[in-house]
Protein chains: 2
Amino acid sequence: MINKLCEKIKKLGAPVVAGLDPMLSYVPEHILKRSFEEYGETLKGAADAIWQFNKGIVDSVCDLIPAVKPQIAMYEQFGVEGMEAYKKTVDYCHEKDLIVIGDVKRGDIGSTSAAYATGHLGRVQVGNTVQKVFDEDFATVNPYLGTDGIKPFVDVCKEEKKGIFILVKTSNPSSGEFQDRLMDGRPLYEWVGEKVAQWGEACMGDSYSYVGAVVGATYPEMGKVLRKVMPKSFILVPGYGAQGGKAADLVPYFNEDGLGAIVNSSRGIIAAYKKEPYAKFGAENFGEASRQAVLDMIADINGALQAHI
Amino acid sequence: MINKLCEKIKKLGAPVVAGLDPMLSYVPEHILKRSFEEYGETLKGAADAIWQFNKGIVDSVCDLIPAVKPQIAMYEQFGVEGMEAYKKTVDYCHEKDLIVIGDVKRGDIGSTSAAYATGHLGRVQVGNTVQKVFDEDFATVNPYLGTDGIKPFVDVCKEEKKGIFILVKTSNPSSGEFQDRLMDGRPLYEWVGEKVAQWGEACMGDSYSYVGAVVGATYPEMGKVLRKVMPKSFILVPGYGAQGGKAADLVPYFNEDGLGAIVNSSRGIIAAYKKEPYAKFGAENFGEASRQAVLDMIADINGALQAHI
């Protein structure tokens, strides 16, 4: 799957992933109205609304980008019905040949991490059958529990040729509270990055490992260091746009081959119609607003990468 | 809810929580057979089997213990159907007046953590309505992202009078990889513990904070230190029994009031019928085996606590 990701990025010229994090407040009124009319103001109504919204976005951007990243919390908050919308979204994105990065940030002790890995990336045994479950292509994973928590994911990745992105340095303002603390003169995120590189050695694709890392766009100096610490790990970069990360700052997240990083934008793409300069499309045409936002984001990032060459 | 937890522990004389982590391999043959006959060897069949199994366990132990801790990964691995079994389990435990600790280990940046907090502990707004979703009483939370990731949970806890247990020192063998690394002469878990105490100051119950901690039974020396670092935080202690933690080692996790910790056993309780000395009950009577295992665990822990007085 990491090979497919590299190929798609090269083919499309777009190291960009659209974050499908559908807050209800992003969903245009006409969709909300239709879903609530059909299912009432219920969890099912909310789940239907975010699913219809996602479908509109995916239809509008699927030929431009290699991947999407649904944030499962935005579905989980609507309970079982929300999880159904999550699963429908994953399946629909696959139909459209998009790579799906499940932003699930799971992580637990061994047997429990194995259950998460099975449910999201692998196949679960039921009686004499084995079945795919959520079936994302990549998942994000939390490293706080160490190797025990990561290995079950790596095992499933090897089997299924899928991948993970491990949280190394997150994009949020307080990420430094623990992640930046020095241990033997180096910050925790560097130690985690070093482990990511080690864990990744055992499962290499053609140029990059199945084991990648999450490094926020909001900390470019650290991104630069981490690029060197984990030369074979793809970096998933959240925090571009709405959170403040700028294209020029992202150049050091990439390798010389022009690969090695994929930049996420969520709000900036899916809620584009709500903000200048895309408000002119109107809520009815939210998909076209998202499409234009994606085109602008690709141009912005490629511009920065080319300026650097 | 932390007050209710303290009261129930005192009333029952049982600082014990049963971990409802139903692997399919724990489910007795007669239940599996019935569920597969009804729903086939499908995710729905698996989900039905774990739900029926849980019901049997809960019926057998609900008068003995204050709380249960379903591990959501064991449900999530069966997809949407598994999540439905999780929700049914939470609701059924509430019917039986058990406190439910959702072992979800969620944690993300601000708005995303808010969605998790809403979905698990709070109420979600849908149109003009607000609705409870998974509605556990406590949730476990991962601290790697710092205050941003925790505060949304604390806010919901204040509103709903619910609680969280933050991972401080986990029970697994590799937990030390990052958690034990020294920063300014003190291990990471102590720094996290100190933060737990701070986060908890803002939302105190009568004697303990709504913000508790997870500290594994397998590291008693660290438990002793952490008890002092977070005097007002309840400690959820996994790792007793199957993972190797012994009752005598757990005494320092408790405060002088005999409270302050609640010890979890999962396999040791729910799969008791599979092992000596409970195998004599037989698979048909798995609930009775679990009941006896709970009685023995309560006696074991209380014995250790009393020997200390």
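Here are the numbers for this structure:
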read-out: Within 10 Å of each Cβ in A:36-45, the average number of Cβ atoms from other chains; value: 3
read-out: Gaussian network model of chain A, springs between alpha carbon atoms under 10 Å - residue of A:D48, A:D135, A:D97 with greatest fluctuation; value: A:D97
read-out: Local electrostatic count at A:E159 - Lys and Arg +1, Asp and Glu -1, tallied over other residues with Cβ under 14 Å; value: +2
read-out: For A:101-109, mean number of other protein chain Cβ atoms within 10 Å; value: 6
read-out: Label geometry 7 Å along the beta-carbon vector: B:P277 inter-copy distances in nm; value: 7.9
read-out: Bridge type composition, chain B - antiparallel percent by DSSP, nearest 5; value: 20
read-out: Taking the convex hull of Cα positions in the protein assembly as shown, its mean projected area over all directions (nm²); value: 25.9
read-out: Debye equation applied to the C-alpha atoms of the stretch B:57-106, log10 I(q)/I(0) at 0.17 Å⁻¹; value: -0.48
read-out: Among beta bridges that DSSP assigns inside the protein assembly as shown, antiparallel share in %, nearest 5; value: 20
read-out: Beta bridges by DSSP in the stretch A:64-177, antiparallel share as percent, to the nearest 5; value: 30
read-out: Label spacing, shortest first and in nm, from A:K4 to its equivalents in the remaining copies (7 angstrom along Cα→Cβ); value: 4.6
read-out: Amide hydrogen neighbours beyond the local backbone of B:V17, cut-off 5 Å, H modeled; value: B:V263, B:N264, B:S265
read-out: Residue with peak Gaussian network fluctuation, chain A [Cα springs, cutoff 10 Å], from A:K224, A:K132, A:K69; value: A:K132
read-out: 3J(HN,Hα) from dihedral phi, the stretch A:67-78, Karplus parametrisation 6.51/-1.76/1.60, rounded to Hz, x for glycine, proline; value: 8, 10, 9, x, 8, 5, 4, 6, 9, 4, 5, 9
read-out: Partner chain coverage, peptide B:208-214 - average Cβ within 10 angstrom; value: 0
read-out: Estimated inter-spin distance, B:L295 and B:L12, nm [label 7 Å along Cα→Cβ]; value: 1.6
read-out: Proximal charge balance of B:V192 [Cβ under 13 Å; K/R count +1, D/E count -1]; value: +1
read-out: B:N3-B:N302 FRET efficiency (beta carbon distance; Förster radius 25 Å; 0.05 resolution); value: 0.70
read-out: For the stretch B:235-309 versus the stretch A:101-125, the gap between their alpha-carbon centres in whole angstrom; value: 27
read-out: Positive-end extreme of charge dipole, the stretch A:2-308 - chosen from A:L250, A:T89, A:I99 (charges on Cβ); value: A:L250
read-out: Nearest-0.05 FRET efficiency for B:D91 and B:A202, computed from C-beta distance (R0 30 Å); value: 0.50
read-out: GNM top mover of B:E276, B:E136, B:E160 - chain B, alpha-carbon springs below 10 Å; value: B:E276
read-out: Nearest-first distances (nm) between copies at B:E256, label 7 Å from Cα via Cβ; value: 6.7
read-out: Cα lying deepest toward the dipole's positive end in chain B, options B:M222, B:A289, B:L24, charges on Cβ; value: B:M222
read-out: Magnitude of the charge dipole, the protein assembly as shown, Cβ model with Lys/Arg +1 and Asp/Glu -1, debye to 20; value: 600
read-out: Virtual paramagnetic centre 7 Å along Cα→Cβ of B:Q131, amide N under 19 Å, in the stretch B:78-116; value: B:80-92, B:115-116
read-out: Residues listed by number, the stretch A:173-202, amide nitrogen under 17 Å from B:L182 label point at 7 Å toward C-beta; value: A:181-188
read-out: Surrounding net charge for B:E41, when Lys and Arg each add one and Asp and Glu each subtract one, Cβ distance under 15 Å; value: 0
read-out: Given charges at beta-carbon only (K, R positive; D, E negative), |dipole| of the stretch A:2-308 in Debye; value: 380
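Bear in mind that the values in this text are calculations on the coordinates, not laboratory data. No experiment lies behind these values; they were computed from the predicted model shown. All Cβ positions, glycine included, derive from the backbone under ideal geometry; neighbour counts span all protein chains shown.
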